[in-house]
Amino acid sequence: MGAELEGSDDERSESRVEQWLFIFVILLISCFLHLAGGVSNADDPSATVDPDSGSALAQAVWSVVYAGAFVGLWIERRRAWRLVRGSWPIVVLVALICSSSFWSSDPGLTAKRAFGVFGTTAIAYYVACRFSLWTFMKLFGLSTVIGAGLSFMCIVAAPSLGVGPEGAWQGIYIEKNELGEAMSLGIATLLVA
């Protein structure tokens, strides 16, 4: 798979707009949707939103992001087809996940979650088609720096959102563990990039 795409890195024309959209999607995936009502307020941890229903705003945003990935894959269909053929085990696994709604006890919920896996996989394929590994690492590192800066601003300017119920910093992330996970992964990426 790697040998097929080695020469194609030179053909990639990564626009700045596309790079900033990628950073936005990384931040969206890791933290922003909980601020739109997908997770409970830090002041009242018992008032959680049903994770299976999701907020209408989050569903709308994800629909737009998935549609963008599908359009991008259509535009990059030759490169995407080579990538899909070279990673057929992933395709088989996603197909199995999508077909599992046929035997699920809750087919609607399973289909909804399967569509999320399908859409997220489409995003990953699109990113692999459009960005070289080096560019991906730089953009991921930059998204970590932006996330850290926004987290600090959230902690200072809006402590009801940025500080958890026990007083632990969570910043723009769902909880302190999400903040720690994002920062450790981002720092490791920045050390390598």
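Just a few scattered comments:
- I90 vs. criteria modelled with pLDDT of 95 or more and either surrounded by 16 or more Cβ atoms within 10 Å (Cβ to Cβ) or not in a helix (DSSP H, G or I) (or both): no
- In the range 89-111, the residues that are touching a residue at least 24 places away in the same chain (Cβ under 8 Å) reach residues that are open to solvent by less than 40 Å² (accessible area, probe 1.4 Å) with C-beta atoms within less than 8 angstrom, at least six apart or across chains, in these pairs: I90/T121; V94/T121.
- Whether a residue is open to solvent by 20 Å² or more (accessible area, probe 1.4 Å) and in a helix (DSSP H, G or I) was assessed, and T135 does not pass this test.
- Filter result for V71 (modelled with pLDDT of 90 or more, open to solvent by 70 Å² or more (accessible area, probe 1.4 Å) and in a helix (DSSP H, G or I)): yes
- Test: residue in the range 152-160 that is open to solvent by 20 Å² or more (accessible area, probe 1.4 Å), more than 13 Å from F22 (Cα to Cα) and in contact (Cβ under 8 Å) with a residue 24 or more places away in the chain: yes
The values are calculated or read from the model by the stated rules, or taken from the named source; none is laboratory data. Source: prediction; values computed, not measured. So basically every Cβ, Gly included, is an ideal-geometry build from the backbone, and we count neighbours across all protein chains shown. Protein only, heavy atoms only, side chains kept; ligands, DNA and RNA dropped before computing areas. Shrake-Rupley method; radii C 1.70, N 1.55, O 1.52, S 1.80 Å.
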